[in-house]
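See structure below.
The values are calculated or read from the model by the stated rules, or taken from the named source; none is laboratory data. Just so we're clear, the structure is a prediction, and the values are computed from it rather than from any experiment. Using ideal geometry, Cβ is built from the backbone for each residue, glycine included, and neighbour counts are taken over all protein chains shown.
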Amino acid sequence: MKKILLLSLLISFLHVVHAQNLTGIVKGFVYEKANSEPIIGATVSLKDKNKGTQTNVNGFFNLSKIEPGTYTLVITALGFDALEKQITVEADEAAGQKIYLEKRARELKGVQISAKREEKIFETKVGMTRITPKELKILPSIGGEPDIAQFLQVMPGVISTGDQGGQLYIRGGSPIQNKILLDGMTIYNPFHSIGLYSVFETDAIRSADVMSGGFGVEYGDRTSAIVSVVTKDGNKKRHSGKVAVNPILAKVFLEGPIIKDKEDSSTSITYIASLKHSYLKGSSTALYGLLGEPYKTKLPYTFTDAYGKINVSSNNGSKINIFGFSFNDRVNYQNTSDLEWKSYGGGTNFVLTPGASSSIISGGFYYSDYKIGLIEADNKPRESEINGFDANVKVTTYFDNHSELNYGVEFTGFKTAYQYYNFIGILQEQNDYTTQIGAFVKLKKNFGERFVLEPGVRIQYYASLPVTRLEPRLAMKLNVTEKVRLKAAAGMYSQNIISSKSDRDIVNFFTGFLTAPDFEIQNPDGTYANNNIQKAYHIIGGIEVDVNDLEFTVEPWYKYFGQLITINRYKLFPTDPDFSIETGKAYGVDFTTKYSKGRYYFWGVYSYGYVDRNDGRQTYPTPFDRRHNINLLASYTAGKKYDWEFSIRFNYGSAFPFTQTQAFYENMDFNNGISTNYLTQNGNLGIVYADKINGGRLSDYHRMDISMKKKFAISKTSSLEASGSISNVYNQQNIFYIDRVRNTREYQLPIFPSLGLSWNF
């Protein structure tokens with residue numbers, strides 16, 4: 001705790017009021033003129049001066065140490081007309097700007113080069129990929145309705161369980177080791193059981209950052225990866241939205257002004273509202289029932305998602321958001337298991353831009369509740385619930401030459417309730433409450449256009465254990481030439497939250513949430529751990545090469561999981577410990593190619609990876625140890641009005657490991673102790689697993705999806721879009737899992753043709 005206080009004092013001294021000087025500041029926000037949404041990555045520079053910067057996720061920019069005088073401000077962004085604006089800078093003052101850019105139908109090559117150059121040179125982006133709304137809509141999707149869950153599956157280093165299961169594994173980490181954020185708020189289960197869809201509304205997304213490792217100190221309490229989704233503020237000029245329907249779901253999305261934004265207005269208020277509902281359980285039978293199984297009985301998936309947001313923005317760019325959500329999912333599979341989970345919550349976040357300061361302050365307060373329940377053939381309920389709050393404040397101070405200082409503090413508290421029966425019927429429970437405090441400071445220093453250095457440190461305090469962790473992290477980039485760049489990152493990471501998910505099978509719908517216990521746990525070598533915090537260490541390298549309009553990236557990576565707290569899979573008696581400790585390592589390399597010009601778009605990824613765990617008895621591959629993974633995505637836009645779009649995606653993945661079945665036995669339940677009559681009582685079916693964990697391999701996975709879209713203009717602001725798609729074009733039988741009891745293979749989605757219709761207004 002003392003370390004937290006010392007760091008808080010340190011970063012408070014870092015944010016000082018600058019002494020008066022003979023220079024000024026130019027800062028402000030860049031918006032899209034049609035709807036007043038912030039533009040990310042716009043380049044803002046002074047004409048004929050070697051001074052420029054880029055807008056952040058809120059559209060904010062800052063130029064420091066500007067000599068007094070009159071200048072021409074030049075603003076460029078991908079997909080927008082360039083703009084020049086006269087400004088006057090006075091000593092020791094901040095010239096605030098509110099800039100609107102017109103969207104253009106076709107891109108100018110010069111604007112593309114200018115807008116991309118700044119980001120590539122001055123941002124490290126080690127292990128990070130930013131997904132834009134445009135890219136989300138390119139991917140072939142059932143009924144033409146895109147979803148971030150489907151795009152995440154084509155990311156470098158990301159392993160997916162496929163059409164069903166709804167789990168993502170990122171560079172050697174399990175789902176519980178990935179933190180998923182919605183506007184800064186942790187979402188504990190972002191993917192539905194039908195793995196094609198997430199809880200996020202695609203049309204509400206402004207950006208999504210996937211940090212597959214080596215992420216900065218502003219993120220804590222996870223040991224593998226971060227996915228941060230940021231939603232739009234809502235259309236500030238007019239009421240708009242979308243209504244869509246396809247064989248899987250129907251949805252409504254609305255946005256618009258309560259008080260319209262005007263260039264000279266002091267305040268604007270906007271809203272976002274979305275609702276989507278899946279009726280796949282009924283539609284698969286009604287529309288495809290004549291095709292036989294699995295359309296009749298094996299697609300029992302339903303879900304409903306609702307999201308709402310209110311934004312209040314001031315004329316200087318400061319804003320506050322209030323939002324809430326309700327997500328739920330249910331699957332009843334072959335009358336043998338019934339799983340349901342529900343998630344609800346809400347919060348508020350803010351962005352403040354103090355007067356003459358070159359700083360921006362952001363933060364938020366959030367509350368959420370997630371509950372999951374599973375009933376199987378043994379009629380023993382499995383339940384888990386996690387709820388709590390999160391509050392944080394972050395300060396970013398901008399300096400000359402794209403340099404900046406970030407620091408902040410975060411408070412988290414949550415309660416876990418867990419009840420689970422293991423494979424021999426022994427009850428495992430936990431009811432716990434814990435609090436965590438994190439503080440961080442990070443400096444990004446650009447040395448001209450050659451070298452970028454990002455050192456940082458995070459202090460994480462886990463009150464329930466109690467444990468304090470000092471976690472240094474470092475990222476850097478060397479611009480060898482404008483076309484060739486080297487990058488690297490390394491760091492220490494930790495987390496308290498753990499999962500009940502079994503490592504015997506990759507398909508396990510029930511995932512319970514627990515915290516590390518406050519009592520001693522044995523290491524694999526028989527000694528006792530110094531503390532019960534999960535620990536990881538990341539090292540990531542990379543090279544970026546541009547060849548005309550082609551972008552190549554190669555990233556080798558290594559993660560060592562020095563301590564992993566797991567449910568004790570060897571628990572046979574109530575007196576055996578509930579938890580055990582494992583270690584593990586993961587390494588690999590990702591090759592990415594991207595081409596985007598005019599009507600053409602191509603994205604190609606090849607990933608090699610190795611992941612294992614050691615429980616003290618044996619070293620074994622994880623169930624997501626997929627050695628080879630290939631994703632290819634191509635899109636072509638046709639027509640004079642760019643109103644036709646053709647897309648194709650191909651995915652190949654080598655075989656997943658699984659634990660083989662050795663034998664069966666009758667598992668007697670002796671809940672009545674010595675009074676149990678084992679002569680008349682019927683036991684449950686028990687499974688004897690092979691000694692070697694994940695010693696077998698399933699078959700390889702591969703699938704091709706295609707789609708075609710046609711847009712029909714109704715008016716200047718309204719259009720209809722018809723889409724046709726085929727998922728799993730050649731009807732490949734990809735294994736979902738092996739039913740151990742029936743000794744049968746269960747497969748993922750078969751060939752799935754669909755039509756979709758959406759109205760945009």
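For Glu582, are the conditions met, namely being in contact (Cβ under 8 Å) with a residue 24 or more places away in the chain, surrounded by 18 or more Cβ atoms within 10 Å (Cβ to Cβ) and in contact with a Gly (Cβ under 8 Å, 6 or more places away or on another chain)? Yes; evaluated as a whole, the condition is true for this residue.
Summed over the range 695-722, residues that are of a type in the set (Lys, Arg) and in contact with a Gly (Cβ under 9 Å, 6 or more places away or on another chain) total 4.
Being over 29 Å from Ile565 (Cβ atoms) and touching a strand residue (DSSP E or B) at 6+ places or on another chain (Cβ under 7 Å) holds for only one residue in Phe440, Phe451, and it is Phe451. Among the residues making up the range 672-709, a single one is at pLDDT 90 or above and β-branched (Val, Ile, Thr): Ile706. Once the range 710-744 is narrowed to residues that are surrounded by fewer than 14 Cβ atoms within 10 Å (Cβ to Cβ) and closer than 19 Å to Gly166 by Cα, the residue that is modelled with the highest pLDDT is Gln733. Go through the residues of the range 175-196 one by one and say whether even a single one is closer than 27 Å to Ser718 by Cβ and at pLDDT below 95. No, because not a single residue in the range 175-196 is closer than 27 Å to Ser718 by Cβ and at pLDDT below 95.
Just one of Thr566, Thr553, Thr575, Thr583 is hydroxyl-bearing (Ser, Thr, Tyr) and farther than 22 Å from Ile159 by Cα; which is it? Can you show your working first?
Numbers: Thr566 fails: farther than 22 Å from Ile159 by Cα; Thr553 fails: farther than 22 Å from Ile159 by Cα; Thr583 fails: farther than 22 Å from Ile159 by Cα.
Going through Thr566, Thr553, Thr575, Thr583 in turn, the sole match is Thr575.
Scan the range 257-267 and give yes if some residue there is buried (at least 19 other Cβ atoms within 10 Å of the Cβ), out of contact with any His (no Cβ under 9 Å at 6 or more places or on another chain), touching a residue at least 24 places away in the same chain (Cβ under 8 Å) and of a type in the set (Gly, Ala, Ser), otherwise no. No, every residue in the range 257-267 fails to be buried (at least 19 other Cβ atoms within 10 Å of the Cβ), out of contact with any His (no Cβ under 9 Å at 6 or more places or on another chain), touching a residue at least 24 places away in the same chain (Cβ under 8 Å) and of a type in the set (Gly, Ala, Ser).
Just the residues that are hydroxyl-bearing (Ser, Thr, Tyr) and in contact with an Asp or Glu (Cβ under 8 Å, 6 or more places away or on another chain), please, taken from the range 302-331. Walk me through it before giving the result.
The initial filter retains those residues of the range 302-331 that are hydroxyl-bearing (Ser, Thr, Tyr), namely 302, 304, 307, 313-314, 318, 326.
Correct list: Thr302, Tyr307, Ser313, Ser326.
Within the span defined as the range 154-165, one or more residues are within 26 Å of Val243 (Cα to Cα), assigned by TED's automatic domain parsing to the domain that holds Tyr608 and at pLDDT below 90.
Residues that are within 25 Å of the chain's Cα centre (by Cα) and of a type in the set (Lys, Arg) were ranked within the range 406-464; the one that is surrounded by the fewest Cβ atoms within 10 Å (Cβ to Cβ) is Lys415. Scanning the range 143-176 for residues that are over 16 Å from the mean Cα position of the chain (by Cα) and more than 24 Å from Trp341 (Cα to Cα) returns Gly143, Gly144.
Of all residue pairs spaced 6 or more apart or on separate chains, those with beta-carbon atoms under 6 Å, a first member in the range 275-299 that is aliphatic (A, V, I, L, M) and a second member that is crowded, with 18+ Cβ neighbours inside 10 Å and part of a loop (DSSP other than H, G, I, E, B) are Leu280/Ile248; Leu280/Leu299; Leu287/Pro247.
When the range 362-408 is filtered for residues that are assigned to a loop (DSSP other than H, G, I, E, B) and among the hydrophobic types (A, V, I, L, M, F, W, C), the ones remaining, listed by number, are Ala377, Phe399.
I want to confirm something. Restricting to the range 622-642 and keeping residues that are surrounded by fewer than 17 Cβ atoms within 10 Å (Cβ to Cβ) and among the aromatic types (Phe, Trp, Tyr), which single residue is modelled with the lowest pLDDT? Checking each candidate, the answer is Tyr642.
When the residues of the range 625-665 are filtered to those that are in a strand (DSSP E or B), of a type in the set (Phe, Trp, Tyr) and farther than 16 Å from Tyr600 by Cβ, the one that is farthest from the chain's Cα centre (by Cα) is Tyr665.
Just to be sure, is Gly408 touching a residue at least 40 places away in the same chain (Cβ under 8 Å), over 26 Å from Gly308 (Cβ atoms) and in contact with a strand residue (DSSP E or B) (Cβ under 9 Å, 6 or more places away or on another chain)? Break it down into steps so the answer makes sense when it comes.
On the way: touching a residue at least 40 places away in the same chain (Cβ under 8 Å): yes; over 26 Å from Gly308 (Cβ atoms): yes; in contact with a strand residue (DSSP E or B) (Cβ under 9 Å, 6 or more places away or on another chain): yes.
Yes.
For beta carbons closer than 8 Å, sequence separation of 6+ or different chains, a first residue in the range 362-388 that is at pLDDT below 90 and a second that is among the polar types (S, T, N, Q) and in a loop (DSSP other than H, G, I, E, B), the qualifying pairs are Glu376/Thr336; Ala377/Thr336.
Residue-level check: of (1) among the hydroxyl-bearing types (Ser, Thr, Tyr); (2) within 12 Å of the chain's Cα centre (by Cα); (3) surrounded by 22 or more Cβ atoms within 10 Å (Cβ to Cβ), Thr186 misses just (3).
Going by what's in this entry, would Thr619 be described as in the same structural domain as Glu429 (by TED's automatic domain parsing), out of contact with any strand residue (DSSP E or B) (no Cβ under 6 Å at 6 or more places or on another chain) and either hydrophobic (A, V, I, L, M, F, W, C) or surrounded by fewer than 16 Cβ atoms within 10 Å (Cβ to Cβ) (or both)? So that I can check it myself, show each step before the final result.
Values: in the same structural domain as Glu429 (by TED's automatic domain parsing): yes; out of contact with any strand residue (DSSP E or B) (no Cβ under 6 Å at 6 or more places or on another chain): no; either hydrophobic (A, V, I, L, M, F, W, C) or surrounded by fewer than 16 Cβ atoms within 10 Å (Cβ to Cβ) (or both): yes.
It is false that Thr619 is in the same structural domain as Glu429 (by TED's automatic domain parsing), out of contact with any strand residue (DSSP E or B) (no Cβ under 6 Å at 6 or more places or on another chain) and either hydrophobic (A, V, I, L, M, F, W, C) or surrounded by fewer than 16 Cβ atoms within 10 Å (Cβ to Cβ) (or both).
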